[in-house]
Amino acid sequence: MTLGVATKKGIILTAIILSIITAASFSIWLIPQHENSSFVISDYRSELDSIKERHGVIIKEIDEDWKNLLAGSLSPDDFITRAQTSSLQINSLLSEIIESRSPQEWRESYLNYGEALKKYYDYLTETIVIANKMKGGVSIDDLKDELQKLGTMKKESESFTIKANEIKP
């Protein structure tokens, strides 16, 4: 008979412990997170140079992958995967630009570099569209208009980069 009582005590004790764990879990979940945290930037020149350097690495990698796609040594699927990853990286860089809260003297340079990143993001999106068409069997020779549009997008990104460099304090 003591076995039945111990079982009731065990069940009650287990229920209490589970209630405490559940309450603790919910209280941790309900505590507001600091989603609006930001980084304090004191050297805006170095920050912008860092973003430009990382952007340059992405450009170099995508240019190489694009050449390999056109040469047939990289599959459209592999290119698409790499371009999508690069798009995420560009979005991350753009977030850094937006969240930097640059002072007035840096604002125009940061805004222009943000535009350069947006144009490059559009360029990456268009490369993915072209790679999907190639994957579907469309010949690169049939994509002349798209390739011309692609070149224009890249030049627009480059022009915003140049403007950002020219106007930085």
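The values are calculated or read from the model by the stated rules, or taken from the named source; none is laboratory data. On a predicted model such as this, the values are computed, not experimentally measured, just so you know. A quick note on method: Cβ atoms are made from the backbone with ideal geometry, for glycine too, and the neighbour counts reach across all protein chains shown.
Just so you know, in the range 112-169 the residues that are of a type in the set (Val, Ile, Thr) and farther than 26 Å from Ser46 by Cβ include one that is surrounded by the most Cβ atoms within 10 Å (Cβ to Cβ), and it is Thr127.
With respect to Asn91, determine if the residue is polar (S, T, N, Q) and farther than 28 Å from Leu48 by Cα. In short, no.
Within the range 131-147, being small (Gly, Ala, Ser) and either under 24 Å from the mean Cα position of the chain (by Cα) or modelled with pLDDT of 90 or more (or both) holds for Ala131, Gly136, Gly137. Once the range 46-82 is narrowed to residues that are farther than 30 Å from Glu166 by Cα and either exposed (fewer than 11 other Cβ atoms within 10 Å of the Cβ) or of a type in the set (Val, Ile, Thr) (or both), the residue that is nearest to the chain's Cα centre (by Cα) is Thr81. Please verify whether Glu115 is more than 16 Å from Asp65 (Cβ to Cβ) and either out of contact with any Pro (no Cβ under 7 Å at 6 or more places or on another chain) or assigned by TED's automatic domain parsing to the domain that holds Glu61 (or both), treating the condition exactly as stated. The answer is yes for Glu115.
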